[in-house]
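Questions regarding the structure given below will be posed in turn.
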Amino acid sequence: MKNTGRLLTVILIGYLVFIFIFIFTPIITSIIFSFNSDRFPTIPLGSFTLKWYELIYNDPDVWEAAKNSLIVSVSVGILSTIIGFCTAYTDFRYEFRFKNMYLALALLPPTVPLIILALAMLAWFSKIGVSGQLWTIVLAHTVLCAPFAMAVIRLRLQQMDADLESAAWNLGASEWLAMKEVVIPFALPSIVSAMCLTMAVSFDEFAVAWFVSGLNKTIPVMILEILQGNIDPQINAIGTFVFFTSMTLVIIAQLFFTFRSPKATL
Amino acid sequence: MKTGAQKGLDGYALTWRLPVIFWQLFFFVGPLLFTIAMTFFLVKNYRMTEAFEMKNWVKMMGKGYFWDSYFLTVGLASLSTVTATCLAFPAAYTLAFKVSDNARRWAVFFLIIPFFTSYLVRTFSWYVILAESGVINNMLSWIGFGPYTMLNTKFGTMVGYMTLTLPLVVILQTLSLANVDRRLIEAAQNLGANGIWTIVKVIIPSAKVGLIIGAVFCFILSFGDFVAPYYLGGSKPPTLPIMIIDTTKSGQQWPRAAVVAVVMMVTLMVVAFASIKFAYRKK
């Protein structure tokens with residue numbers, strides 16, 4: 001009985017490892033093949049090369065796309081974190097009629113398929129005459145990213161004693177001053193975390209960006225267009241670069257999010 | 001005690017409350033409502049004109065290929081949901097009950113990583129791995145098997161869907177299983193239930209809501225994804241998301257693409273509401 005139990009556990013752990021291998025195979029393959037010389041990547045591997053990196057390094061289109069991606073993701077990070085903070089604070093502090101509807105409005109966008117949002121936003125932005133600009137992508141991505149920022153910051157505010165703010169008021173601080181001196185400093189780690197996460201989400205998004213960007217390609221849109229052509233190992237090099245950029249952002253986000261400070265109480 | 005927390009609407013309260021309302025009404029609800037309106041517009045000489053006609057609906061609903069696409073997409077997304085739920089469950093069960101808290105935290109962290117790596121690049125990797133002369137077929141040929149055609153098949157599409165959905169489904173299942181009251185499980189075992197019986201009669205019913213939420217997200221993601229069916233599944237016949245792209249990008253037929261989008265939205269709402277109803281159903 002004991003032995004069958006142990007055997008079962010071993011089988012289950014083996015299965016878990018298999019699932020992780022499945023999930024990480026494409027990521028690792030892409031990194032390995034980015035250093036592989038063959039035009040059609042397969043095994044056995046060809047020789048080690050940096051030529052795909054040289055190719056993208058010398059391609060002005062890649063630099064242009066990288067610049068666009070940087071502008072978009074930083075703007076989206078800032079805007080959606082501001083909106084997310086406002087929403088999280090409202091949810092934390094206020095009770096009001098229709099609050100459920102308010103929260104639904106704030107949190108629903110990630111449940112709508114991107115392809116539908118892409119079409120909807122393309123049509124709407126043409127209608128109001130702002131389509132095809134780089135900052136159109138910013139408007140669209142902020143819709144998608146604000147809920148993530150809200151969720152991250154809300155979790156942090158949860159750890160704050162509501163009386164902390166009241167104490168500041170009782171000591172004579174105005175609501176604005178209490179916000180500046182108490183709430184924002186307390187939420188700061190989650191604000192940094194939310195900014196990194198939303199930047200990473202925006203940095204990888206391709207469907208909406210592809211539809212609304214016009215001629216201003218971001219990196220993922222560029223990858224999509226290369227994919228529509230032939231097999232091109234440049235994708236692995238660009239992908240590896242994107243992977244390490246996103247990973248850096250996610251790890252910073254994680255570090256700040258798990259930032260341990262004593263639960264603030266009175 | 002929330003002194004001052006219930007004060008009425010002043011400038012301070014509005015400052016925090018309004019931004020998201022403004023932004024989501026203008027850039028989220030607006031576009032979606034406009035899409036519904038657009039299904040009634042007409043296209044004349046490659047230009048969209050505002051109108052209120054049923055033409056696009058009649059045209060799309062009357063086409064056999066639209067319904068082929070529709071049932072294909074629903075079928076693929078359902079298959080993906082069942083596959084992901086079944087593949088994820090043993091993994092989530094292991095993470096919830098068989099490993100230490102610390103190992104579980106690390107596992108969840110690693111499962112989050114794929115969300116932030118380009119889905120396109122991962123799909124391209126699978127393309128290279130699954131190709132006729134790709135990694136898997138080359139390995140199989142060393143031991144005298146293959147080659148097998150895996151690209152441009154439903155199998156290819158499923159691999160793509162799993163790449164997209166499996167990490168999320170495992171996370172959601174793990175979280176819901178980890179929250180099952182351990183005393184219930186012990187009670188079942190003390191009453192003589194064996195492992196499988198405990199899972200079927202105690203663990204799954206207690207974690208039902210989380211398991212269903214995982215499945216719903218899987219369905220939504222697969223249903224709306226164009227990358228897997230296009231690049232790994234061969235896109236013949238096209239799924240609804242591919243149809244939206246083709247109709248929008250090549251034909252300037254935005255109103256017809258909008259019809260497809262609205263049909264997709266309605267389908268997803270029905271699926272989501274039915275599942276939530278099922279999840280919270282009292283026995």
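The values are calculated or read from the model by the stated rules, or taken from the named source; none is laboratory data. Predicted model, so just to flag it, every value in this text is computed and none were measured. Glycine gets a Cβ as well: all are built from the backbone with ideal geometry, and neighbour counts include every protein chain shown. Quick note on the areas: whole protein, heavy atoms, side chains included, nothing else; ligands and nucleic acids left out. Shrake-Rupley method; radii C 1.70, N 1.55, O 1.52, S 1.80 Å.
Treating each Cα of the stretch A:171-265 as an identical point scatterer and ignoring solvent, apply the Debye formula and state log10 I(q)/I(0) at q = 0.13, 0.14, 0.15, 0.16 Å⁻¹.
-0.63, -0.68, -0.73, -0.78
Long-range amide H contacts for B:Val43: which residues qualify at under 5 Å (H placed 1.01 Å from N, peptide plane, sequence gap of 5 or more or a different chain)?
B:Thr49
Among all helices in chain A defined by DSSP H, which have a length of 18 Å or more along the axis from Cα atoms plus a Kyte-Doolittle mean of at least -1.0? Numbers along the way, then the final one.
Numbers: long enough: A:2-33 (45 Å, 1.84); A:60-93 (49 Å, 0.69); A:114-127 (19 Å, 2.05); A:134-158 (36 Å, 1.42); A:184-204 (30 Å, 1.55); A:234-257 (34 Å, 1.65).
Taking the DSSP H segments of chain A (at least 18 Å long, mean hydropathy at least -1.0), we get A:2-33, A:60-93, A:114-127, A:134-158, A:184-204, A:234-257.
At a Förster radius of 41 Å, what calculated FRET efficiency corresponds to the Cβ-Cβ distance of A:Asp163 and B:Val209, to the nearest 0.05?
Details: r = 33 Å, r/R0 = 0.80.
Efficiency for this residue pair is about 0.80.
Can you give me the % of accessible surface on chain A that is carbon or sulfur? Probe 1.4 Å, all protein chains present, nothing else counted.
On the way: 8460 of 12100 Å².
Result for chain A: 70 percent of the exposed heavy-atom area is carbon or sulfur.
Percent relative contact order of the stretch A:1-120, based on C-alpha pairs within less than 8 angstrom and at least six residues apart? Please report the intermediate quantities before stating the final value.
Working: 27 pairs, mean separation 11.9, N = 120.
Over the stretch A:1-120, the number comes to 10 percent.
Gaussian network model of chain A, Cα springs within a sub-10 Å range: biggest mean-square fluctuation belongs to which of A:Ile115, A:Ile235, A:Ile219?
A:Ile115
Select from the stretch B:183-283 those chymotrypsin sites (Phe, Trp or Tyr not before Pro) which occupy a DSSP coil region and have at most 13 other Cβ atoms within 10 Å, ordered by residue number.
On the way: sites: B:Trp197, B:Phe217, B:Phe219, B:Phe223, B:Phe226, B:Tyr230, B:Tyr231, B:Phe273, B:Phe278, B:Tyr280; in loops: B:Phe226, B:Tyr280.
Taking the stretch B:183-283 and a limit of 13 other Cβ atoms within 10 Å, the loop chymotrypsin sites (Phe, Trp or Tyr not before Pro) found are B:Tyr280.
Continuing with the same structure: Can you quote the Å³ per residue value for the convex hull of the Cα atoms in chain A, rounded to an integer? Intermediate results must be reported in sequence, preceding the final value.
Values: hull volume 56.4 nm³, N = 266.
Enclosed volume per residue, from the Cα hull, is 212 Å³.
Right, something else. Could you give me D for the stretch A:58-121, from Stokes-Einstein at 25 °C and 0.890 mPa s, where the hydrodynamic radius is the Kirkwood radius over C-alpha pairs? Units µm² s⁻¹, please. Can you show the working numbers first?
Details: Rh = 14.6 Å.
Estimated diffusion coefficient is 168 µm²/s.
Moving to a separate point now. Scan around A:Asn36 for amide H atoms under 5 Å from its own, H built in the peptide plane at 1.01 Å from N, and keep only partners 5 or more places away or cross-chain.
Excluding prolines and chain starts, which carry no amide H, the hits are A:Thr49.
Work out the FRET efficiency for B:Arg183 and B:Arg47 from their Cβ-Cβ distance, taking R0 = 51 Å, and round it to the nearest 0.05. Before the final figure, lay out each step's value.
Numbers: r = 67 Å, r/R0 = 1.32.
With R0 = 51 Å, the Cβ-Cβ based efficiency is 0.15.
Let me ask something additional. Using every Cα-Cα pair within the protein assembly as shown, state what percent have a distance larger than 30 Å.
Numbers: 84364 of 150426 pairs.
So the portion of pairs separated by more than 30 Å is 56 percent.
Once you average over the residues of A:15-25, how many Cβ atoms of partner chains fall within 10 Å of each Cβ?
Details: counts 5, 11, 2, 3, 13, 6, 0, 7, 11, 6, 6.
Per-residue shielding by partner chains comes out at 6.
Could you order the peptides A:21-32, A:95-106 from most to least packed, using the average number of other C-beta atoms within 10 Å per residue? Show your work: numbers first, answer last.
Details: A:21-32: 18.2, A:95-106: 13.2.
Result, highest mean first: A:21-32, A:95-106.
If you line up the Cα atoms of the stretch B:1-151 on their principal axes, what length do they span on each, largest first, in Å?
Projected onto its principal axes, the Cα set of the stretch B:1-151 covers 72, 63, 25 Å.
Still on this model: Rounded to the nearest 0.05, what FRET efficiency do B:Lys63 and B:Tyr148 give with R0 = 45 Å and r taken as the Cβ-Cβ distance? Could you check? Don't jump to the answer; show the numbers that get you there.
Details: r = 35 Å, r/R0 = 0.77.
Here the calculated transfer efficiency is 0.85.
In whole percent, how big is the carbon plus sulfur part of the accessible area of the stretch B:23-107, probe 1.4 Å, protein atoms only?
Working: 3010 of 4540 Å².
That share works out to 66 percent.
Between the stretch B:202-220 and the stretch A:17-78, what is the separation of their alpha carbon centroids in Å?
Using only Cα atoms, the two centres lie 35 Å from each other.
Then there is this: Which value in Å is the Kirkwood Rh of the stretch A:133-172 over different Cα pairs? Walk me through the intermediate numbers first.
Details: mean 1/r = 0.0790 Å⁻¹.
Value: 12.7 Å, from the Cα pair sum.
I'd like the mean, over residues of A:243-256, of how many other protein chain beta carbons sit within 10 Å of each residue's own Cβ. Write out the running numbers ahead of the final one.
On the way: counts 6, 1, 1, 5, 3, 0, 1, 6, 3, 0, 2, 2, 0, 0.
The per-residue average across the peptide is 2.
In peptide A:81-91, how many Cβ atoms from other protein chains are near each Cβ within 10 Å, on average? Walk me through the numbers on the way to the answer.
Numbers: counts 0, 3, 6, 2, 2, 8, 7, 2, 4, 9, 3.
The mean count of partner-chain Cβ atoms within 10 Å per residue comes to 4.
Once all Cα-Cα distances of the stretch A:78-181 are split into 10 Å bins that start at 0, what whole-number percent is in each one?
13, 35, 30, 15, 7, 0
Gap in Å between the Cα centre of the stretch A:179-235 and the Cα centre of the stretch B:59-129?
The stretch B:59-129 and the stretch A:179-235 have Cα centres separated by 21 Å.
Would you mind getting the Kirkwood hydrodynamic radius of chain B from its Cα pairs, rounded to one decimal in Å?
Details: mean 1/r = 0.0446 Å⁻¹.
Result for chain B, one decimal place: 22.4 Å.
Taking every pair of Cα atoms in the stretch B:102-228, average 1/r, invert it to obtain the Kirkwood radius, and report Rg/Rh to two decimals. It would help to have the intermediate numbers written out before the result.
On the way: Rg = 19.1 Å, Rh = 17.3 Å.
Radius of gyration over Kirkwood radius for the stretch B:102-228 works out to 1.11.
Starting from the 7 Å offset along Cα-to-Cβ, what nm value, one decimal, do you get for the label separation of A:Gln133 and B:Met139?
Reported label-point gap for A:Gln133 and B:Met139 is 5.0 nm.
So, one more: Measuring with a 1.4 Å probe in the full set of protein chains, what accessible area per residue, in whole Å², belongs to the stretch B:154-283?
Numbers: 5950 Å² over 130 residues.
Here the residues of the stretch B:154-283 average 46 Å² of exposed surface.
Note the buried accessible area between A and B here, summed over both chains, with a 1.4 Å probe, in Å² to the nearest 100.
Numbers: alone 16100 and 17850 Å², together 25890 Å².
Its buried surface, counting both partners, is about 8100 Å².
Of B:Gly192, A:Ala118, B:Phe110, which is farthest towards the positive pole of the protein assembly as shown's charge dipole, taken about the Cα centre with +1 and -1 on the beta-carbons of Lys, Arg and Asp, Glu respectively?
Highest projection toward the positive end goes to B:Gly192.
For the pairs B:Lys59/B:Lys236; A:Lys51/A:Lys217; A:Lys99/A:Lys127; A:Lys127/B:Lys236; A:Lys217/B:Lys59, note any where the Cα-Cα span goes beyond 28 Å. Walk me through the numbers before you get to the answer.
On the way: B:Lys59/B:Lys236 21 Å; A:Lys51/A:Lys217 23 Å; A:Lys99/A:Lys127 31 Å; A:Lys127/B:Lys236 33 Å; A:Lys217/B:Lys59 34 Å.
Cα-Cα > 28 Å for A:Lys99/A:Lys127; A:Lys127/B:Lys236; A:Lys217/B:Lys59; rest within.
Let me ask something else. Once ligands and nucleic acids are excluded and a 1.4 Å probe is used, how much of B:Asp225 is accessible, expressed in Å² to the nearest 10?
B:Asp225 exposes around 10 Å² with every protein chain in place.
Next question, about the same structure. Please find, in a Gaussian network model of chain B (springs between Cα atoms separated by less than 10 Å), the residue of B:Leu191, B:Leu211, B:Leu76 whose mean-square fluctuation is greatest.
Greatest mean-square fluctuation among the candidates belongs to B:Leu191.
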